[in-house]
Amino acid sequence: MNRFLLLVIGSVLIFGTMVQAQESLTTRNRGAIRLYEEARNHYGLGQHNEAIAALQRAIDRDSDFIEAYLVLGDIYNRQREFAKEAEVLKKAVAIDSTFFPTTMFNIGVASFNAGDYAESILWLERYRWYFSDDRSAERVKQWLDRARFAVEASENPYEIELISLGEKVNSDYDEYWPSVTADEQTLVFTVLVPRNPGLFAERNLPRTSMYFQEDFYVSHRGADGQWQTREPLPGSINTDGNEGAQALSADGNWMFFTACGRSDGRGSCDIYFSQRAPEGWSEPVNLGMPVNTPYWESQPTFGADGKTLMFVSNRPGGRGGKDIWQATVQHINRDGVPVFGDVRNLGPNINTTKDENSPFLHHDNRTLYFASEGWPGMGGMDLFVSRKGDDGVWRVPVNLGVPINTPGDEIGLVINARGNRAYFASDGREEDQTSKNIYMFELPPPIQPSPVLYVAGRVYDIETGETLPADFELKDISTGNLIVSTQSNRFSGKFLVVLPVGGQYAFKAEHPGYMFYSGHFDLFGDHPLDSPYQLDIGLQPIRKGVSMTLENIFFGIDSYRLESQSKVELDGLVRFLADNKEVRIMIGGHTDNVGNAAYNQRLSENRARSVYNYIIEQGVDTSRLEYKGFGMDQPIADNATEAGRAKNRRTEITIL
């Protein structure tokens, strides 16, 4: 913040002679003035340490030299030495509190940034009572609100133990911006790698592109639960330039990241896409318009719904400097690259007139973590959490509190699928540690997201065992809402689909030329969060005689009236018939053995007819459909148990 320079140094620069300077400054000591001018020249050249030394010598010549204290405070502010800034500014006020009244406000801000929140309130209140006017009242109020919030948060800290990810992940270099898959088995992160490791070992190098480059590294969790030795991310992503701020899809098959200054870039920084391939990660593709613009786009996060991309941009139309925006997948091209549209700002409950960054959309698709300097916090960039209401609107965010947030900047927090563990990078958290390292900690319950499970496995041809890429849908059967739309890996057939706890879902997998897979997940009530589903799916080629069970067709007890939850499955069947116009099917109804055979025969036939009628109502020609009731004659499970009887009560389709 170049506050005093704008008022004092800028005007002092016009003085051409020592006499003019003597008439304008609060000292008549020629030696002090000479040193002040020397310091000013150093400051203009960016030589802060030399400027500080000259100013301190000037103060030694005249301890009442107010301008020297003010400029010294401004340099400390630029160096983020906020405690020192407050100390020297207090000395200026002690000499003459009316010389530059805004100094009291600056002491309040410096004390806040130094983490001395009570002292901050004292000086801000002093300024408000003595010098604040209508033009500054709102700004003073905002800082007072932040300081009072910080006092309260400091008095009610969470108990958190930071656990380093260990020497196989962390090093003497800077490691930051972690991203993890939903199964928490793969960790990708950014490393600031010295271009000359020998020179790095010899001296402290400036963190600039002349001496460093950002690259991606990966670590996998071993059988012992520990992260294994990191390796450069295989494939075509890492270059001699800078790549960073990456986000993995929930299944780890897609990655979005930031790169700046590339030949195919649209602005200063753009968002790129890569997908996992047999040889590593594919050649990155610029996402293009409307995600990337001639402005600055960075820091993506991709939702587990397979559709939602959030990112940070300073494009026009936002609320402040950098805002969080959202785009939605419109379709996927032949190369497997998602094409985005429907770009929109997240609005005033997320974005402020200041900067927001590092969004992370949790796998529940309803909880957003992000950093902001505009909402009340502990210092610079604080971490916040916002939750999406049933109306689709993000709620006002909540500060994650102490000790997660500090007087410094916190960014880049990610949370595991269960919602109980967080990963982030920080420096200065361990003795003799100067570089950034990656840590994890147990997230306090009040700021946890909703937990999610997942189903993972592989899709293959049930006859040949050949890998099949497949499209997946997860729908809420009570509302019909699409929860997840995603794909398996095009090369391995492996997939991972998240399952939000607290609902009933229809799960569908499909590949052209094959029968689709129909699955059902009931996650109402208590469900063990440490028990994800493993499911290998064998798809059957479409041909005469092939049958499959529709797992999401529901009838009431002793009823053949379709329940509303069946609509998701039925509409999927209609789409299957529309995509395969040559296919004819028979709809078969089956019951358990409760009741007599004649009753079950009638019930099964009526249920099959109900499905038949629904499909006809959707416009499918009757020549493509038949139906039949099989009663209790073809059980697929033991009728002696309730679970077995439930399996036997089913609706099947058979290719004719």
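Worth a mention:
- Along the stretch 170-186 the Karplus relation, 6.51 cos²θ - 1.76 cosθ + 1.60 evaluated at θ = phi - 60°, assigns HN-Hα couplings of 8, 8, 6, 7, 7, 10, 7, 6, x, 9, 10, 6, 4, 7, 6, 9, 10 Hz to successive residues, with x for each Gly and Pro.
- Spatial separation of Cα centroids for the stretch 212-261 and the stretch 160-174, in angstrom: 16
- Sparsely packed loop sites in the stretch 140-232 (the GluC sites (Glu not before Pro) outside DSSP H, G, I, E and B with at most 13 other Cβ atoms within 10 Å) comprise GLU159, GLU161, GLU167.
- GluC sites (Glu not before Pro) restricted to the stretch 346-453 and DSSP loop, no more than 11 other C-beta within 10 Å: GLU431
- All aspartates and glutamates inside 18 Å of LYS322 as judged from Cα atoms, apart from same-chain residues fewer than 8 positions distant: ASP270, GLU297, ASP355, GLU356, GLU373, ASP382, ASP409, GLU410
- Per-residue 3J(HN,Hα) values for the stretch 640-656, derived from phi via the Karplus relation 6.51 cos²θ - 1.76 cosθ + 1.60 with θ = phi - 60°, read 6, 10, 5, 4, x, 4, 4, 5, 6, 7, 8, 10, 10, 10, 10, 6, 9 Hz in sequence order (x marks Gly and Pro).
- What the Cβ-Cβ distance of ILE332 and ILE462 gives, at R0 = 22 Å and to the nearest 0.05, is a FRET efficiency of 0.30.
- Straight Cα distances below 16 angstrom link LYS168 to the lysines LYS436, with same-chain residues fewer than 8 positions distant left out.
- Length gained on full extension, ARG609 to ASP224, computed as 0.36 nm times the residue gap minus the Cα-Cα distance: 133.2 nm.
- 3J(HN,Hα) from dihedral phi, the stretch 125-136, Karplus parametrisation 6.51/-1.76/1.60, rounded to Hz, x for glycine, proline: 5, 4, 5, 4, 6, 9, 10, 5, 10, 4, 5, 9
- Cα shape, the stretch 66-139, gyration tensor, a/c 1.5 rule: oblate
- Cα gyration tensor shape of the stretch 3-155, rounded if a/c is under 1.5, else prolate or oblate by comparing a/b with b/c: prolate
- Selection from THR229, ALA245, PRO197 lying farthest towards where the dipole of the stretch 179-258 points positive, charges on Cβ: PRO197
- Placing pseudo-labels 7 Å out from each Cα toward the beta carbon at GLN534 and GLN79 gives an inter-label distance of 5.8 nm.
- Burial ordering of ASP355, ASP536, fewest other beta-carbon atoms within 10 Å first: ASP536, ASP355
- With contributions of -39500 (n - 2.57) from each DSSP H run of at least four residues, the per-residue ellipticity at 222 nm computed over the chain stands at -7500 deg cm²/dmol.
- Length released on extending from PHE524 to GLU50, taking residue separation times 0.36 nm less the Cα-Cα span: 164.0 nm
- Charged-residue dipole, Cβ positions (Lys, Arg, Asp, Glu), the chain about Cα centre, Debye nearest 20: 1300
- Long-range amide H partners of ALA277 with built H, under 5 Å: SER282
- Shape category assigned to the stretch 505-636 from the gyration tensor of Cα positions, a/c cut at 1.5: oblate
- Of the trypsin sites (Lys or Arg not before Pro) in the stretch 330-359, those whose Cβ has at most 11 other Cβ within 10 Å and which sit in DSSP loop: ARG334
- The residues neighbouring VAL568, those whose beta-carbon lies less than 12 Å from its own, together hold a net charge of -2 under the Lys/Arg +1, Asp/Glu -1 convention.
- The order of CYS269, CYS260, going from fewest to most other C-beta atoms within 10 Å of their C-beta, is CYS260, CYS269.
- Separation in nanometres of the label points that stand 7 Å from Cα toward Cβ, at ARG395 and GLU642: 3.5
- Estimated FRET transfer efficiency (GLU184, ARG34; beta-carbon r; R0 60 Å; 0.05): 0.45
- Under 22 Å of direct C-alpha separation, and excluding same-chain neighbours fewer than eight residues apart, LYS475 reaches these lysines: LYS307, LYS388, LYS494, LYS508, LYS567, LYS647.
- Which of LYS628, LYS436, LYS581 has the fewest Cβ neighbours within 10 Å, and the rest in rising order: LYS581, LYS628, LYS436
Rule-based calculations on the coordinates, nothing more; no lab input. The shown structure was predicted, so the numbers you read here are calculated from the model rather than taken from an experiment. Positions of Cβ are backbone-derived with ideal geometry, glycine not excepted, and every protein chain shown enters the neighbour counts.
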